[in-house]
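Take a look at the structure below.
Values quoted throughout were computed directly from the atomic coordinates according to the rules given, and no laboratory measurement underlies them. The structure displayed is predicted, hence computed values, not measured ones. Neighbour counts run over all protein chains shown; Cβ positions are idealised from the backbone, glycine included.
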Ligand SMILES: C[S@@+](CC[C@H](N)C(=O)[O-])C[C@H]1O[C@@H](n2cnc3c(N)ncnc32)[C@H](O)[C@@H]1O
């Protein structure tokens, strides 16, 4: 495979291309790297490749012409168009799948920027823009090295034992399992027994479980994307899961009072059968500890209890057992304070209260931010409003307020059932 690197600093690559596996790959001709210096495509005495930005401002910009002539020179020599990749902090974050895609190509041109970056028109002439990560470096050469290194190890013959690539981190969406070598015990830390017994099937399943657990616990972003198979779900059974543990101490409260109506009057809204069922089913699906329906009206409380009774122990229970399981989570309360007290009695700690709203207000937090601020092991109470939303006093008294769920425009009038389900899926779902 051939890399064509457009850079004004080719010397940065020298020792890298002479060292270790990459050095061997270059010597063996498995990897060829040539450099094209945009300076050679300038006509002024100083071989200038940068210029001041139109519109003013600090810093210099890479001129389009020397870079584009360099790209054209590569293709002219090849008699074909090499894949052009621009290194830029504004590109897609470099991932294993990019490396795999590039490793399958005969020729790749990497364009390394310097100064404040490229004249924008250069971007129109490349096939992809890749970033080494969400930070800014002085030039594209170090990102090009990263890419080169990652691609080279995928080329046939570069790694002695290609099997070792199969279960590496980021293959199949998972991180790799832990490795151990001699000694059997190091500073009191033993090698896991399973690795010493030579049972290949047990070792395989142990390693698979470790890959799953590592990815789940260290990289929720990857885990959300990963689709576990049946064996994976079996391997995870009984393993402590921090997200499931949080769900297991999380409660939902649906407030029918104190809420506003459309005229901003303080009212008590009516309970609905659908809200009782659907939020109980969502609570059960995402592993919540309980679901409170809050109304001060005795007749409404009685109605909610009767509906529950029907599905838990009445005819409904034998008609649909799953519904009984969901409605078992439902309880009725007079007000939010009594919900907090009941959770505190049950959990031994006061729950952290989080209010939701369809309206954006200052101080609202993202789920990630609430999770960051949540004290270790604290129970959580997610509060949903009805009518035209929760009162300002109630919002102000909560520990945290969540930012609203949003579509792509200003309309976000979800039913409380939908909002609750979306919220729970984001907080506790296996993938987003
Ligand atoms: C100082 S940076 C320019 C950053 C640019 N002003 C911006 O804010 O997007 C100069 C060059 O370094 C390279 N570079 C810097 N950070 C990078 C990153 N995270 N990934 C890939 N290339 C990067 C790019 O080639 C870029 O054009």
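Sorted ascending by nearby beta carbons within 10 Å, beginning with the fewest, 24, 161 become 161, 24. Hydrodynamic analysis of the chain uses the Kirkwood radius over alpha carbon pairs. Inserted into Stokes-Einstein at 20 °C and 1.002 mPa s, it gives a translational diffusion coefficient of 80 µm²/s. Summed over qualifying helices (DSSP H, 4 residues or more, each -39500 (n - 2.57)) and divided by its residue number, the chain shows a 222 nm mean residue ellipticity of -11500 deg cm²/dmol.
Rounding to the nearest 10 and keeping the result within 0 to 90°, find how far the Cα-based axis of helix 416-428 lies from the longest principal axis of the chain. Rounded to the nearest ten degrees, it is 50. Cα-based values for the stretch 258-322, radius of gyration first and Dmax second, are 13.9, 44 Å. Protection proxy ranking for 369-376, 352-359, using the average of other Cβ atoms within 10 Å per residue and placing the highest first: 352-359, 369-376.
To test your reading of the geometry: what angle, between 0 and 90 degrees and rounded to tens, separates the Cα axis of helix 64-78 from the longest principal axis of the chain? Rounded to the nearest ten degrees, it is 70. With the convex hull of the Cα atoms taken as the outline of the stretch 222-297, the averaged projected area works out to 7.7 nm². The length gained on full extension between residue 234 and residue 403, counted as 0.36 nm times the residue separation minus their Cα-Cα distance, comes to 57.3 nm.
Relative to the longest principal axis of the Cα atoms of the chain, the long axis of helix 141-152 makes an angle of roughly 90 degrees.
Can you compute the FRET efficiency between residue 120 and residue 191 using 1/(1 + (r/R0)^6), with r the Cβ-Cβ distance and R0 = 60 Å? Round to the nearest 0.05. Once rounded, the FRET efficiency stands at 0.65. The distance linking the stretch 283-314 with the stretch 1-72 is 68 Å (Cα centroid to Cα centroid, whole angstrom). Across q = 0.11, 0.14 Å⁻¹, the stretch 243-428 modelled as identical point scatterers on its alpha-carbon atoms has Debye log10 I(q)/I(0) values of -0.45, -0.75, in the order of the q list.
When the alpha carbon gyration tensor of the stretch 185-239 is reduced to an equivalent ellipsoid, its three semi-axes come out at 24, 16, 8 angstrom, largest first. With contacts taken as Cα pairs under 8 Å and at least 6 residues apart, the stretch 243-428 reaches a relative contact order of 30 percent. Translational diffusion coefficient of the stretch 2-152 at 10 °C, 1.306 mPa s, Stokes-Einstein with Kirkwood Rh over Cα pairs, in µm²/s as a whole number. The Stokes-Einstein estimate is 101 µm²/s.
Taking other C-beta atoms within 10 angstrom as a stand-in for reagent exposure, 185, 129, 72 fall in the order 185, 72, 129, fewest first. Out of 226, 35, 135, any idea which swings most in a Gaussian network model of the chain, alpha carbons joined below 10 Å? Checking each option, the largest mean-square fluctuation is seen for 135. Once both labels are positioned 7 Å from their Cα atoms along Cα-to-Cβ, the gap between residue 411 and residue 127 label points is 4.1 nm.
The length gained by stretching the chain between residue 350 and residue 337 to full extension, at 0.36 nm per residue less their Cα-Cα distance, is 3.6 nm. As a proxy for reagent exposure, ranking 186, 400 by other Cβ atoms within 10 Å from fewest up yields 186, 400. Note on the chain: GNM, Cα springs under 10 Å; of 409, 331, 302, the largest mean-square fluctuation is that of 409. Pairwise alpha-carbon distances in the stretch 75-201 exceed 18 Å for 65% of all pairs. Put simply, when 169-182, 270-283 are sorted by average Cβ atoms within 10 angstrom per residue, most first, you get 270-283, 169-182.
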